[in-house]
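Asker: Sharing a structure with you now.
The values are calculated or read from the model by the stated rules, or taken from the named source; none is laboratory data. Treat the numbers as computed from the prediction; the structure is a model and nothing was measured. With ideal geometry, Cβ positions are generated from the backbone for all residues, glycine too; neighbour counts draw on all protein chains shown.
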Amino acid sequence: MLLEELIPKVSSTSTSRDVERSLQGRGTMCGLAGRKEVTMSKEHSNEKIERTKVSFESDGVELVSYLHHPSHATGRGPCVVMGHGFSGTQDRLFDNAGRFAEAGLAALTFDYRSFGESGGEPRQLVSVEGQLEDWRAAIRCARGLEGVDPDRIALWGSSLGGGHVIVVAAEDPRIAAVVAQIPFNGFPRRVEGRSTLDTLKLIWAMTVDAVRGRVGLSPHYIPMVGKPGEVAVTATPRSQQHIANAVRGDPGLTVAQRGRPTSTLWHVAVSTRRRGASARDAGAGVRRRTRQ
């Protein structure tokens, strides 16, 4: 199904107050019933769109998301659930989410456990299995929101998130549409610009971090992006240029999008220890399920 087919007719009969009122008491549907109220607060609004903060649980970890929705929509409409890639945080998706909202679709962005505004320890640790469950929890939350048609949920994932949406959609026949942007499905055997020595250094860093994890020590962090020859997840001139275009100043403080700086919780440091199945393993699981 094309995303254009999900776009609802926008009416001017409802107001932003109606939208806020429809979001009250979302505890049951977002997984916080009986424990505490869902945190709801209007973060941004203009004549076309509003952004509201929503919290929900995934495996007992509180995740923070933002619902981007048309200001004057009425009735139940589609919702695009959006997640970032390896080490990414949701604030870098706000621009795209706002465009969906301007087009008449609601968009729910969220931070994975251990990243951004979401809970989870240790920080900056990528858990493939955990992130897949975070996607499932975000979908459950979106389906429970008033004003959202539970059978018109679309998924949008980038990089590692692009691999996640393929896995999650394969097991959920109610998903209406999927956008997998440059989907990641496992590390290639050879990376352009990375020498054998660079690969061995990265494997050693991963081994050290894995050992620290097994004995209960804090993660051994390495840069997500580094200069060629440095020990980093990606260390190529192209990746450095991408970050230079996206981040200005301290990468943990500011991101520039189309010349408009906004605050971000993205950090360059990540833990390399293996937590859960790899994206390649997850993809193999999808292939097995679809053959059955």
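Asker: Could we say that Ala232 is part of a loop (DSSP other than H, G, I, E, B), outside the structural domain of Gly120 (by TED's automatic domain parsing) and surrounded by 14 or more Cβ atoms within 10 Å (Cβ to Cβ) here?
Answerer: When the stated conditions are applied, Ala232 passes them.
Asker: Do you know which residues across region 208-229 are exposed (fewer than 14 other Cβ atoms within 10 Å of the Cβ) and free of Cβ contacts under 8 Å to residues at least 24 places away in the same chain?
Answerer: Val211, Arg214, Val215, Gly216, Leu217, Lys227
Asker: Another one. Check region 54-61 and report whether any residue there is modelled with pLDDT of 90 or more, among the small types (Gly, Ala, Ser), under 30 Å from Val270 (Cβ atoms) and surrounded by fewer than 19 Cβ atoms within 10 Å (Cβ to Cβ).
Answerer: Taking every residue of region 54-61 in turn, at least one turns out to be modelled with pLDDT of 90 or more, among the small types (Gly, Ala, Ser), under 30 Å from Val270 (Cβ atoms) and surrounded by fewer than 19 Cβ atoms within 10 Å (Cβ to Cβ).
Asker: For region 119-127, check the following and say yes or no: at least one residue is without any contact (Cβ under 8 Å) to a residue 60 or more places away in the chain and of a type in the set (A, V, I, L, M, F, W, C).
Answerer: no
Asker: Looking at Glu146, is it outside the structural domain of Pro228 (by TED's automatic domain parsing), surrounded by fewer than 22 Cβ atoms within 10 Å (Cβ to Cβ) and modelled with pLDDT of 95 or more? Outline the logic, then answer.
Answerer: On the way: outside the structural domain of Pro228 (by TED's automatic domain parsing): yes; surrounded by fewer than 22 Cβ atoms within 10 Å (Cβ to Cβ): yes; modelled with pLDDT of 95 or more: no.
For Glu146, the condition - outside the structural domain of Pro228 (by TED's automatic domain parsing), surrounded by fewer than 22 Cβ atoms within 10 Å (Cβ to Cβ) and modelled with pLDDT of 95 or more - is not met.
Asker: If Glu62 meets every condition in (1) in contact (Cβ under 8 Å) with a residue 40 or more places away in the chain; (2) under 19 Å from Ala177 (Cβ atoms); (3) more than 12 Å from the chain's Cα centre (by Cα) apart from one, which number is that one?
Answerer: Checking Glu62 against (1) in contact (Cβ under 8 Å) with a residue 40 or more places away in the chain; (2) under 19 Å from Ala177 (Cβ atoms); (3) more than 12 Å from the chain's Cα centre (by Cα), the one that fails is (2).
Asker: Among the candidates Ile175, Ile139, Ile153, single out the residue that is outside the structural domain of Trp266 (by TED's automatic domain parsing), free of Cβ contacts under 8 Å to residues at least 40 places away in the same chain and surrounded by 18 or more Cβ atoms within 10 Å (Cβ to Cβ).
Answerer: On the way: Ile139 fails: free of Cβ contacts under 8 Å to residues at least 40 places away in the same chain; Ile153 fails: free of Cβ contacts under 8 Å to residues at least 40 places away in the same chain.
After ruling out the rest, the residue left standing is Ile175.
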